[in-house]
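> Once you've had a glance at the structure underneath, I'll fire off some questions.
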Amino acid sequence: MDYDFEHDRVAKEAKERGWKTVLLQFPEGIKTFAFDVERELKARGVENTIVSGDPCFGACDLALEPIRYHGADGLVHYGHSPIPSIHAGNVVYVELRAQVGIDDLVLRAVSFLKDMGYGEESRIGIITSIQHIHSIEAACSVLSEHFKCLVGEGDGRIMYPGQVLGCNFSSAKAVNADAYLFIGSGDFHPLGAALSTGKTVIVADPYSGKIRDVSENMEKMLRKRFGRITAAADAASFGILVGTKTGQWRMAEALRLKKLAEMHDKEAHIITMNFFTPEQLNVFKLDAWVSTSCPRVAIDESARYEKPILTPPEFEIVLGIREWEDYVFDEIEG
């Protein structure tokens, strides 16, 4: 396993809290380890465990229902850090810190940045996801030998300096950087950071060992989003989606969007749902959707929907109260 599952700590906490039955929750890419984790915990005296099979998208999506209905005494949530502004008892968080070295990776990122024209006076912000947050200090130490390294404090949804979530880039925006170095894999976080800050974001991927600029992928994503916005331009009716997950409830935003829609002679209906799928939404005969839930619903999953699905800022573009040039990433602030 490439992650630290902290079996000893989890078993110790479960026993100290007096949990008889423990619910285990994993993000999609980690579910494959679920039964291995159960075996390890059982070997440490945690006899009764239940695995949550529902999709899990972050610490905004805690599986609290089995606790509420007494199916379990407590929850062990793997793969994310706590969201400070969300107060949930009976939860142990296992952040799954990646067990991978980054020193050589950061040195190659330095060369990449220098080739792009950044020099010793350049301000480079460093950001990462929770799996690599423990590497920030070492990475900044390396960067500081060549640039001015900046690490920002986020808002109430952010646990650690330099940490970014898929819905919140406040730690990046907290510093006045010329460019950012993201340590991690995938495109969603660095693309969100680039759109949120308007600055270049370089990705240093500890798993592939590759260094890359997300600019090209950002242009591709923006072209797709422009297509969705254009497709929704003539829509007369909209479903405004509100997620009921612990940290995705944005009813105030939904009510604001509904009012805006009606002011612009559009029909709008608010729909609440825990997990959005095309099949569930197809029963509602509307022309387009606006998701106030996790930004991934509209950005990552849009190709699955027959009707255009937009973020709130994209809906404002459709209504003509925001210009395309003012496109921003939808963020959930804390």
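The values are calculated or read from the model by the stated rules, or taken from the named source; none is laboratory data. Computed from a prediction, not measured in an experiment: that's the story for all the values here. So basically every Cβ, Gly included, is an ideal-geometry build from the backbone, and we count neighbours across all protein chains shown.
> Hand me the list of helices (runs of 4 or more DSSP H) wholly inside the stretch 216-334 holding 1 or more residues that are more than 28 Å from P190 (Cβ to Cβ) and acidic (D, E). If you could, list the steps in order and put the result at the bottom.
Working: elements: 251-263, 278-281, 295-299, 312-319.
Per the criteria, 251-263, 278-281.
> Separate question: Would you confirm whether any residue within the stretch 116-136 is in contact with an Asp or Glu (Cβ under 7 Å, 6 or more places away or on another chain), hydrophobic (A, V, I, L, M, F, W, C) and over 23 Å from S196 (Cβ atoms)?
no
> Quick check: is even one residue across the stretch 31-40 under 22 Å from D205 (Cβ atoms), among the hydroxyl-bearing types (S, T, Y) and surrounded by fewer than 18 Cβ atoms within 10 Å (Cβ to Cβ)?
yes
> If you don't mind, another one. Where residues in the stretch 125-153 are part of a strand (DSSP E or B) and more than 22 Å from the chain's Cα centre (by Cα), which of them is farthest from I183 (Cα to Cα)? First the steps, then the outcome.
Of all residues in the stretch 125-153, those part of a strand (DSSP E or B) come to 125-128, 148-150.
With the extra rule that they be more than 22 Å from the chain's Cα centre (by Cα), the set shrinks to 148-149.
On the way: K148: 17, C149: 14 Å.
Once the filter is applied, the top-ranked residue is K148.
> Can you name the number of the only condition in (1) over 17 Å from the mean Cα position of the chain (by Cα); (2) among the β-branched types (V, I, T); (3) within 22 Å of E333 (Cα to Cα) that I229 fails?
If we test I229 against (1) over 17 Å from the mean Cα position of the chain (by Cα); (2) among the β-branched types (V, I, T); (3) within 22 Å of E333 (Cα to Cα), just (3) comes out false.
> Within the set of pairs 6+ apart or on separate chains, which have a first residue in the stretch 231-249 that is in the same structural domain as F315 (by TED's automatic domain parsing) and under 10 Å from P308 (Cβ atoms), a second that is buried (at least 17 other Cβ atoms within 10 Å of the Cβ) and aromatic (F, W, Y), and C-beta atoms under 7 Å apart?
If the second residue must be buried (at least 17 other Cβ atoms within 10 Å of the Cβ) and aromatic (F, W, Y), the pairs left are F238/W289.
> What tally of residues in the stretch 171-201 results from selecting those that are surrounded by fewer than 22 Cβ atoms within 10 Å (Cβ to Cβ), touching a Gly at 6+ places or on another chain (Cβ under 9 Å) and not in a strand (DSSP E or B)?
So the count comes out to 8.
> Of everything in the stretch 65-93, what is more than 23 Å from S129 (Cβ to Cβ), touching a strand residue (DSSP E or B) at 6+ places or on another chain (Cβ under 7 Å) and not small (G, A, S)? Give them in sequence order.
Filtering the stretch 65-93 down to residues more than 23 Å from S129 (Cβ to Cβ) leaves 65-74, 89-90.
Filter again for touching a strand residue (DSSP E or B) at 6+ places or on another chain (Cβ under 7 Å), leaving 66-67, 71-74, 90.
Residues satisfying the conditions are P66, I67, D73, N90.
> Something else: Of the residues that make up the stretch 154-166, is at least one among the basic types (K, R) and either touching a Lys or Arg at 6+ places or on another chain (Cβ under 9 Å) or assigned to a loop (DSSP other than H, G, I, E, B) (or both)? Give the derivation first.
Within the stretch 154-166, the subset among the basic types (K, R) is 157.
With the extra rule that they be either touching a Lys or Arg at 6+ places or on another chain (Cβ under 9 Å) or assigned to a loop (DSSP other than H, G, I, E, B) (or both), the set shrinks to 157.
Yes: the stretch 154-166 contains one or more residues that are among the basic types (K, R) and either touching a Lys or Arg at 6+ places or on another chain (Cβ under 9 Å) or assigned to a loop (DSSP other than H, G, I, E, B) (or both).
> While we're looking at this one, here's another question. Please go through the stretch 63-88 and pick out each residue that is modelled with pLDDT of 95 or more, among the aliphatic types (A, V, I, L, M) and within 22 Å of N48 (Cβ to Cβ).
L75, V76
> Could you count how many residues in the stretch 110-142 are surrounded by 14 or more Cβ atoms within 10 Å (Cβ to Cβ) and more than 30 Å from A59 (Cα to Cα)? So that I can check it myself, show each step before the final result.
Going through the stretch 110-142, the residues surrounded by 14 or more Cβ atoms within 10 Å (Cβ to Cβ) turn out to be 110, 112-114, 118, 122-136, 139-140, 142.
Checking which are more than 30 Å from A59 (Cα to Cα) leaves us with 110, 112-114, 118, 122-123, 142.
Number satisfying all stated conditions: 8.
> So, in the stretch 51-99, of the ones that are part of a loop (DSSP other than H, G, I, E, B) and of a type in the set (V, I, T), which residue ends up surrounded by the fewest Cβ atoms within 10 Å (Cβ to Cβ)? Spell out the reasoning first.
Going through the stretch 51-99, the residues part of a loop (DSSP other than H, G, I, E, B) turn out to be 52-64, 69-73, 79-90, 95-97, 99.
Going one step further and asking which of them are of a type in the set (V, I, T), we end up with 83, 86.
On the way: I83: 24, I86: 15.
Result: I86.
> Going residue by residue through the stretch 23-35, is there one that turns out to be in a loop (DSSP other than H, G, I, E, B), under 17 Å from N90 (Cβ atoms), outside the structural domain of Q163 (by TED's automatic domain parsing) and in contact with a helix residue (DSSP H, G or I) (Cβ under 7 Å, 6 or more places away or on another chain)? It would help to see each step written out before you state the result.
First, pick out the residues of the stretch 23-35 that are in a loop (DSSP other than H, G, I, E, B): 26-27.
Restricting the remaining residues to those that are under 17 Å from N90 (Cβ atoms) gives none.
The answer is no; no qualifying residue exists.
> Scan the stretch 279-327 residue by residue and report those that are of a type in the set (F, W, Y) and crowded, with 22+ Cβ neighbours inside 10 Å. Can you show your working first?
Filtering the stretch 279-327 down to residues of a type in the set (F, W, Y) leaves 284, 289, 305, 315, 324, 327.
Of everything in the stretch 279-327, those that are of a type in the set (F, W, Y) and crowded, with 22+ Cβ neighbours inside 10 Å turn out to be W289, F315.
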